[in-house]
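Okay, so here's the structure we're looking at.
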Amino acid sequence: MKAFGVLIAIALALALQTTLARFLVGGTAALDLVLVVVVYVALTSGPVTGMFAGSLAGIVQDAMSSGVIGVGGLAKSIVGFLAGVIGQQFLVTAALPRLLIFLAATVVHAAVFMGFYMLLGLRSFSSPWAAVTSQALGNAAVGLIGFAIVESLPGAVERRRMGRRTKL
């Protein structure tokens with residue numbers, strides 16, 4: 001059942017990413033919602049699940065883009081694995097550690113992604129630091145909001161059930 005939830009989250013992130021990209025920043029998204037889902041899965045489920053989620057999400061995202069298939073999958077799988085390891089080794093339940101993980105995950109993803117493209121001689125990136133910084137901040141904000149929403153859902157459902165019982 002948990003695997004099904006991960007697949008749904010990845011599919012939803014991919015759909016939102018491709019749908020909303022044309023409305024943000026001149027056709028390019030300043031957010032990577034798929035990366036946010038991969039980091040969330042890694043922090044909540046561990047490094048192996050994070051790695052598999054990153055591989056699947058990255059390869060599907062590569063297939064939907066015009067780039068080389070596999071580079072995004074490799075970058076997201078590395079990020080998913082590292083985020084999962086950090087999530088298991090350290091207490092990552094407060095907002096500040098989560099913020100730092102999302103920031104670091106975006107920077108690592110960008111470094112691996114751009115590094116492989118440059119290593120293969122396929123593309124050159126001129127001063128990507130401003131774009132990576134804005135994407136890191138956006139991903140961190142969306143990730144923290146996502147964590148808050150997901151963590152508040154069980155309580156909201158329970159409060160709703162209790163509210164219905166008291167009315168009867």
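The values are calculated or read from the model by the stated rules, or taken from the named source; none is laboratory data. Here the structure is a predicted model, which is why all the values come from computation and not from measurement. Every residue, glycine as well, gets a Cβ built from its backbone with ideal geometry; the counts of neighbours run over all protein chains shown. Remember, those area values only see protein heavy atoms, side chains included, never the ligands or the DNA or RNA. Shrake-Rupley method; radii C 1.70, N 1.55, O 1.52, S 1.80 Å.
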One residue from 77, 124 being without any contact (Cβ under 8 Å) to a residue 60 or more places away in the chain, under 18 Å from residue 38 (Cβ atoms), among the hydroxyl-bearing types (Ser, Thr, Tyr) and touching a helix residue (DSSP H, G or I) at 6+ places or on another chain (Cβ under 9 Å):
77
Selection from region 79-95 of residues that are under 24 Å from residue 131 (Cβ atoms) and either among the aliphatic types (A, V, I, L, M) or open to solvent by 50 Å² or more (accessible area, probe 1.4 Å) (or both)
79, 82, 83
Within region 56-70, the residues that are under 15 Å from residue 15 (Cα atoms) and open to solvent by less than 80 Å² (accessible area, probe 1.4 Å) are 56, 57, 58, 60, 61, 62, 63, 65
Show the residue pairs meeting these rules: Cβ distance below 6 Å; 6+ apart or different chains; first residue within region 131-155 and within 25 Å of residue 114 (Cβ to Cβ) and without any contact (Cβ under 8 Å) to a residue 40 or more places away in the chain; second residue hydroxyl-bearing (Ser, Thr, Tyr) and assigned to a helix (DSSP H, G or I).
136/106
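Yes/no matrix, rows are residues, columns are (1) at pLDDT 95 or above; (2) β-branched (Val, Ile, Thr):
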{"residue": "30", "(1), (2)": "no, no"}
{"residue": "47", "(1), (2)": "yes, no"}
{"residue": "62", "(1), (2)": "no, no"}
{"residue": "68", "(1), (2)": "no, yes"}
{"residue": "75", "(1), (2)": "yes, no"}
With the condition kept exactly as written, say whether any residue in region 134-157 is closer than 16 Å to residue 37 by Cα, open to solvent by less than 70 Å² (accessible area, probe 1.4 Å) and of a type in the set (Val, Ile, Thr).
yes
It is to be established whether one or more residues within region 115-122 are at pLDDT below 95, in contact with a Ser or Thr (Cβ under 7 Å, 6 or more places away or on another chain) and either of a type in the set (Lys, Arg) or open to solvent by 40 Å² or more (accessible area, probe 1.4 Å) (or both).
yes
Residue 34: open to solvent by 20 Å² or more (accessible area, probe 1.4 Å), touching a residue at least 24 places away in the same chain (Cβ under 8 Å) and either in a loop (DSSP other than H, G, I, E, B) or hydrophobic (A, V, I, L, M, F, W, C) (or both), yes or no?
no
